[in-house]
Amino acid sequence: MLNLQGFEVNENQKTCLDNYFFMKEEIKAYNNVLELIGNTPLVKLNKVTENLEGNFYAKVEAFNPGHSTKDRIAIYIIEEAERQGILSPGDTIIETTSGNTGFSIAMVSIIKGYNCILAVSSKSSRDKIDMLRSMGAKVYVCPAHVSADDERSYYMVAKRLHEETKGSVYINQYFNQLNVDAHYKSTGPEIWEQTNGKITHLIACSGTGGTISGTAKFLKEKNPNIKILGVDAFGSVLKKYHETKEFDANEIYPYRIEGLGKNLIPTATDFELIDKFIKVTDEESAHATREIAKTEGLFVGYTSGAVLQAIRQYAEEGEFDANSNVIAIFPDHGSRYMSKVFSDDWMNEQGFFDSVNLEEAQKIEFIK
Ligand SMILES: Cc1ncc(COP(=O)(O)O)c(C=O)c1O
């Protein structure tokens, strides 16, 4: 028998060809939204890093269906709980979250048939809270500026709700090794493959530490010379703890970036794998976030701006050279910050606008 190009084909090849033509007739669709999690693209940064030595690429986690890197841990931890027989349909999933993890858990819960309860910090933007409620979650908003062991803190509220709710699972991302494993199994291998092993530096924000620790573990196993650069916030304890192994409560004060830094030491952070931490300010990170949107056309969140700011500071310290291939994790999408960094009024209220910026911001023209 001849195939279309006129070559001889055997019976086995004929079956494959028949299947191929049959498959071409099929509707190409994902079975549900969860199949879209992971395999996010690397996008080269051009203008924002043009004055720096090295090549810079963003792993744009906003391409996940829940618009953030937290989709990876939500699906991984929930499916692991199912494998272990801890979760069955109709049960309740509880978590503390600044927003992104909650959205991802709510999304997974819808598809898999779980109830979702979320304890969030009052620092979370109104957009984020409304989004969680739109995804069917029951939301408790807890005061941000109380200590972790205060009964009103979102940690303690989630713990109490877990104890009170029969058939519930507490994800506890700050102290759950599965958070790290999720990135070890997905983000790390993806970056290794996407860079053909040519990555020299990984730079990522640390909140729970799951992203940086899991990704770093995989990459360092492949090549121990890859440098792992952490990003922390002023007002957080992580950098000092990394350098001194001392938890210094004096480091703690309120700051505005959500999802970056911490007022406690999460066990999901493997400090041994991180070579260095750098701290970034709310103000410079906010401007960097807006700059990424305006110059790269990438509409990403506040911590992506924090990562860009950190890249600039690390570059100033001489961290990179012309041969550096730096992969920066951009954790989420800009739409979650419309009432914060992407609001001119909010920027102005924070004192982040000088008179030039303010004039620019007020240039909107309303046709009456
Ligand atoms: C927007 C954002 N960026 C960065 C992070 C930090 O990621 P990780 O918790 O894996 O350290 C988080 C975590 O909550 C986040 O929500």
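The values are calculated or read from the model by the stated rules, or taken from the named source; none is laboratory data. None of the values given here were measured: they were computed from a predicted structure. Note that each Cβ is placed from the backbone with ideal geometry, even for glycine, and that neighbours are counted across all protein chains shown. In case anyone asks, the SASA skips ligands and DNA or RNA and just uses the protein heavy atoms, side chains included. Shrake-Rupley method; radii C 1.70, N 1.55, O 1.52, S 1.80 Å.
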Completion exercise
In this structure, among Lys217/Lys245; Lys239/Lys276; Lys59/Lys198, pairs with alpha-carbon gaps over 18 Å are Lys217/Lys245
Handout entry: Using θ = phi - 60° and Karplus 6.51 cos²θ - 1.76 cosθ + 1.60, couplings along segment 56-63 (whole Hz; Gly, Pro as x)
Key = 10, 10, 9, 8, 8, 6, 5, 6
Exercise for the section: Please identify the longest segment of the chain free of exposed chymotrypsin sites (Phe, Trp or Tyr not before Pro), where exposed means a DSSP state other than H, G, I, E or B and no more than 11 other Cβ atoms within 10 Å. Expected result: 31-365
Exercise for the section: Note down the nm distance, to one decimal, between modelled labels 7 Å out along Cα→Cβ at Lys245 and at Thr267. Expected result: 1.8
Fill in the blank from the handout: For the chain, the percent of accessible surface on carbon and sulfur atoms (probe 1.4 angstrom, ligands and nucleic acids excluded) is 50
Practice task
Show which aspartates and glutamates lie in cross-link reach of Lys227 when reach means a straight Cα distance below 15 angstrom and same-chain residues fewer than eight apart are skipped.
Solution key: Asp270, Glu272, Asp275, Glu317, Glu319, Asp321
Handout entry: Sites excluded, GluC sites (Glu not before Pro) in DSSP loops with at most 12 other C-beta within 10 Å, longest stretch of the chain
Key = 51-150
Handout entry: Farthest positive-ward along the chain dipole, Cα basis, beta-carbon charges - from Pro224, Ile212, Tyr114
Key = Tyr114
Fill in the blank from the handout: Within the set Gly102, Gly210, Gly54, GNM on the chain using Cα springs under 10 Å gives the largest fluctuation to Gly54
Handout entry: Partners for Lys28 among lysines (Cα-Cα distance below 20 Å; same-chain residues under 8 apart left out)
Key = none
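Please give the length that would be gained between Asn223 and Lys28 if that part of the chain were fully extended, namely 0.36 nm times their separation in residues minus their C-alpha to C-alpha distance (nm, one decimal).
Extra length available between Asn223 and Lys28 comes to 66.4 nm.
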Handout entry: Formal net charge of residues neighbouring Glu151 (Cβ-Cβ distance under 15 Å; K, R +1; D, E -1)
Key = -1
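Measure up Lys185/Lys220; Lys44/Lys279; Lys47/Lys220 against 18 Å on the Cα-Cα distance and list the ones that go over. Can you show the working numbers first?
On the way: Lys185/Lys220 13 Å; Lys44/Lys279 24 Å; Lys47/Lys220 29 Å.
Over 18 Å Cα-Cα: Lys44/Lys279; Lys47/Lys220.
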Fill in the blank from the handout: Counting only DSSP beta bridges fully inside the chain, the antiparallel percentage to nearest 5 is 15
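Once every DSSP H run of n ≥ 4 in the chain is given -39500 (n - 2.57) and the sum is divided by its residues, what mean residue ellipticity at 222 nm do you get, rounded to the nearest 500 deg cm²/dmol?
Rounded to the nearest 500, it is -11500 deg cm²/dmol.
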Problem - Sparsely packed trypsin sites (Lys or Arg not before Pro) within segment 186-250, loop by DSSP, other Cβ within 10 Å at most 10 - result: Lys245
Exercise for the section: Return the long-range amide H neighbours of Lys279 (sequence gap of 5 or more, or a different chain), with a cut-off of under 5 Å between placed amide H atoms. Expected result: Asp232
Exercise for the section: Please list Thr211, Thr267 in order of solvent-accessible area, largest first, computed with a 1.4 Å probe with all protein chains present. Expected result: Thr267, Thr211
Handout entry: FRET efficiency for Glu163 and Phe234, using Cβ-Cβ distance with R0 set to 35 Å, rounded to 0.05
Key = 0.50
Handout entry: Where His183, His67 fall by accessible area, highest first, once all protein chains stay in place (1.4 Å)
Key = His67, His183
Handout entry: Residues with amide H under 5 Å from that of Tyr114, placed H, sequence gap 5 or more
Key = Gly90
Completion exercise
Averaged per residue, the 1.4 Å probe accessible area of the chain, protein heavy atoms only, in Å², is roughly 48
Handout entry: Values of log10 I(q)/I(0), in the order q = 0.07, 0.09, 0.13 Å⁻¹, for the chain under a Debye, Cα-only, solvent-free model
Key = -0.34, -0.54, -1.04
Practice task
Provide the net charge surrounding Gly54, with neighbours chosen by a C-beta distance below 14 Å and charges set as Lys +1, Arg +1, Asp -1, Glu -1.
Solution key: -2
Practice task
Estimate the FRET efficiency between Glu80 and Phe175 by the formula 1/(1 + (r/R0)^6), using the beta-carbon distance for r and 22 Å for R0, to the nearest 0.05.
Solution key: 0.90
